[in-house]
Amino acid sequence: QVQLVESGGGLVQTGGSLRLSCTASTRTSTPYAVAWFRQVPGKDREFLASIDSTGRSTYYVDSVKGRFTISKDHAKNTVYLQMTTLKPEDTGVYYCNADHQFQIAGDYRGGPYWGQGTRVTVSS
């Protein structure tokens, strides 16, 4: 069981930056990978990026590659999503997700553990 809490969302102008945080708590020592998803009304959650349990391997979908960076602070049990050069189409609710395996498929739909989401709005 992994509990996830996201934070860091907000309103930002086009071209701006935000850093999202996902803090995890778990009662086991089982390693887990973390991914970030984005959801807009009327659409399925979109997989954006993932990081393995060690923090050494990362994966990004093409739409965010070069603009978003996923990273992990082991001491804080926190995974970050640094977002730069934001566009209006980046607007949505961002969720972090934990899985027992590191996933790099573009159509990945998420593992069993989800946070509550944090809203990001990019104004034009």
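The values are calculated or read from the model by the stated rules, or taken from the named source; none is laboratory data. Keep in mind it's a predicted model, so treat the numbers as computed, not measured. We place every Cβ from the backbone using ideal geometry, glycine too, and count neighbours over all the protein chains shown. Quick note on the areas: whole protein, heavy atoms, side chains included, nothing else; ligands and nucleic acids left out. Shrake-Rupley method; radii C 1.70, N 1.55, O 1.52, S 1.80 Å.
Taking 8 Å as the Cα distance limit and 6 or more residues as the minimum spacing, I'd like the relative contact order of the chain as a percentage. That works out to 37 percent. Taking θ as phi - 60° and the Karplus parameters 6.51, -1.76 and 1.60, the scalar couplings of segment 5-21 work out to 10, 8, 7, x, x, x, 9, 9, 7, 3, x, x, 10, 8, 10, 8, 10 Hz in sequence order, x denoting glycine and proline.
Probing with 1.4 Å while keeping every protein chain in the model, the per residue accessible area of the chain equals 53 Å².
Only protein atoms count toward the accessible area here, which uses a 1.4 Å probe; on segment 1-100, the carbon and sulfur part of that area reaches 48 percent.
Counting heavy atoms of the protein chains alone, VAL79 has an accessible area of about 10 Å² for a 1.4 Å probe. Summarising the label geometry, the points placed 7 Å from Cα in the beta-carbon direction at THR30 and THR58 lie 2.7 nm from one another. Here's the list of aspartates and glutamates a cross-link from LYS65 could span, going by alpha-carbon distance under 18 Å and ignoring same-chain residues fewer than 8 apart: GLU46, ASP52, GLU89, ASP90, ASP107.
Working from the pairwise distances between different alpha carbons, so that the mean of 1/r is found and then inverted, what is the chain's Kirkwood radius in Å? Evaluated on the chain, it is 14.3 Å.
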